[in-house]
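J.: Take a look at the following structure, please.
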Amino acid sequence: MSTEKKELPACPVETTLMLIGNKWKVLILRDLMEGTRRFGQLKKSVGNVNQKVLTAQLRSMEQDELLTRKVYAEVPPRVEYTLTVRGRSLKPILDAMQHWGEEYQSNVR
């Protein structure tokens, strides 16, 4: 189901948080900004996430049209994830989060 068919909050900030408002989704976005990744690559780079949680987050992001999932007919199956145009449009938000985090870290240390 795409976001256009969902009941969306009236507040745009709440809508954004609904789509990317958890740690795993933001880290998935961060990693996919660099390009297409396989499931195993995401699992390693995202960090201490179990397979079930990562799968659920990826499915949710696919439903929200932030990424696409491509399955190759191989044994074992190869699955790749790529950001959509909508997903890539979140880059300025992630860049701002990175900048803010860097500033915070330098002031706290």
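The values are calculated or read from the model by the stated rules, or taken from the named source; none is laboratory data. As the structure is a prediction and not an experimental result, all values here were calculated from the model. Cβ sites come from the backbone with ideal geometry, for glycine too, and all protein chains shown count toward neighbours.
J.: So in the stretch 59-84, with the set limited to residues that are touching a residue at least 24 places away in the same chain (Cβ under 8 Å) and part of a helix (DSSP H, G or I), which one is farthest from residue 26 (Cα to Cα)? Write out each step before concluding.
T.: The first filter runs over the stretch 59-84 and keeps only residues touching a residue at least 24 places away in the same chain (Cβ under 8 Å), leaving 60-61, 63-67, 78-83.
Those still in the list that are part of a helix (DSSP H, G or I) too: 60-61, 63.
On the way: 60: 13, 61: 11, 63: 16 Å.
Among those residues, the one meeting the criterion is 63.
J.: Quick check on this structure: which one of 91, 25 is surrounded by 14 or more Cβ atoms within 10 Å (Cβ to Cβ) and touching a Leu at 6+ places or on another chain (Cβ under 9 Å)?
T.: Numbers: 91 fails: surrounded by 14 or more Cβ atoms within 10 Å (Cβ to Cβ).
Answer to the selection: 25.
J.: Those residues that are farther than 17 Å from residue 78 by Cβ and either in contact (Cβ under 8 Å) with a residue 40 or more places away in the chain or surrounded by 13 or more Cβ atoms within 10 Å (Cβ to Cβ) (or both), I need them from the stretch 28-44; list them, please. Walk me through how you get there before you give the answer.
T.: First, the residues of the stretch 28-44 that are farther than 17 Å from residue 78 by Cβ: 28-31, 33-34.
Passing the criteria: 28, 29, 30, 31, 33.
J.: Going by the conditions given, is residue 58 in contact with a Lys or Arg (Cβ under 8 Å, 6 or more places away or on another chain), of a type in the set (A, V, I, L, M) and within 15 Å of residue 20 (Cβ to Cβ)? Steps first, please.
T.: On the way: in contact with a Lys or Arg (Cβ under 8 Å, 6 or more places away or on another chain): yes; of a type in the set (A, V, I, L, M): yes; within 15 Å of residue 20 (Cβ to Cβ): yes.
It is true that residue 58 is in contact with a Lys or Arg (Cβ under 8 Å, 6 or more places away or on another chain), of a type in the set (A, V, I, L, M) and within 15 Å of residue 20 (Cβ to Cβ).
J.: Quick test for you: out of 101, 87, 35, pick the one residue that is modelled with pLDDT of 95 or more and not in a helix (DSSP H, G or I). Write out each step before concluding.
T.: On the way: 101 fails: not in a helix (DSSP H, G or I); 87 fails: not in a helix (DSSP H, G or I).
After applying the criteria, what remains is 35.
J.: Another one. Output the number of residues of the stretch 61-88 satisfying the condition of being farther than 21 Å from residue 34 by Cβ and either surrounded by 10 or more Cβ atoms within 10 Å (Cβ to Cβ) or among the charged types (D, E, K, R) (or both).
T.: Of the residues in the stretch 61-88, 2 are farther than 21 Å from residue 34 by Cβ and either surrounded by 10 or more Cβ atoms within 10 Å (Cβ to Cβ) or among the charged types (D, E, K, R) (or both).
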